[in-house]
Amino acid sequence: NPHLPGAHMELGELLYNSTNEQLQAQAVPEFQAAIADNPNDEKAHLMLGEAAAKRGDTKTAFTEDSRAVELQPNDVDALVELGKVLMSMDEEAKAQEMFEHAVKADPSNTVARYRLSMLYRRQGKTAEATQQMADYKKYKDMQSKLEKIFHDMRVGSLQKSADDQDEPR
């Protein structure tokens, strides 16, 4: 069923994240098909914006990222992507709003904190930049520790399963 909800979006993401450039090029039509099936597919708008930014089409990136934020005002990925586009358009005040909103929506988001820190530094707001960078490092360290814990849990679980299979019955 070509109109199965989410099918075009899922296929588009697979294609977009491919290492093959020919497959990557096929992602945009899939995101467009997802929007044709569901004009309120926020993730498809976001991916179209990301693809447009990647190829240097700032106008389309702005339009699609803005639509994604309109549909899901607290989606941190959409806020950060729109903030990046606004930065490329020299709209620092609006970009700052997006990054600050992203940090409020998800205080542990390292990308939003890093971007906000860089923006503050660019604006000469040294104390604010330093605080955002300190928070960025704190959350980045926490993420690394959590990743290690989850890795160790998976490896331990796999080892236990292997040990259980080796036991005689």
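Calculate the spin-label point distance for THR63 paired with SER18, positioning each point 7 Å from the Cα along the beta-carbon direction, and give it in nanometres.
2.6 nm
Would you mind getting the accessible area per residue of region 29-161, heavy atoms of the protein chains only, 1.4 Å probe, in Å²?
Numbers: 7680 Å² over 133 residues.
Each residue of region 29-161 exposes 58 Å² on average to a 1.4 Å probe.
At 7 Å along the Cα-to-beta-carbon direction for both VAL155 and ALA127, put a label point, then send me their distance in nm to one decimal.
4.4 nm
Under the 0.36 nm per residue contour assumption, what length would be gained going from the current alpha-carbon distance of ASP90 and ARG55 to full extension?
10.8 nm
How would you order 127-140, 76-89 from highest to lowest mean count of nearby Cβ atoms within 10 Å? Mind dumping the intermediate values first?
On the way: 127-140: 15.8, 76-89: 22.9.
Top to bottom by mean Cβ count within 10 Å: 76-89, 127-140.
How about LYS138: which lysines have a C-alpha closer than 17 Å to its C-alpha, ignoring those fewer than 8 places off in the same chain?
LYS104, LYS148
Treat the chain as a sphere of radius equal to its Kirkwood radius over Cα pairs and apply Stokes-Einstein at 10 °C in a medium of 1.306 mPa s; give the translational diffusion coefficient in µm²/s, rounded to a whole number.
It comes out at roughly 87 µm²/s.
What FRET efficiency comes out for ALA36 versus ASP141 if R0 is 41 angstrom and r is the Cβ-Cβ distance? Round to the nearest 0.05.
Given R0 = 41 Å and the Cβ-Cβ separation, E is 0.40.
The values are calculated or read from the model by the stated rules, or taken from the named source; none is laboratory data. All values derive from a computational prediction rather than experimental measurement. Positions of Cβ are backbone-derived with ideal geometry, glycine not excepted, and every protein chain shown enters the neighbour counts. SASA here: full protein model, heavy atoms, side chains in, ligands and nucleic acids out. Shrake-Rupley method; radii C 1.70, N 1.55, O 1.52, S 1.80 Å.
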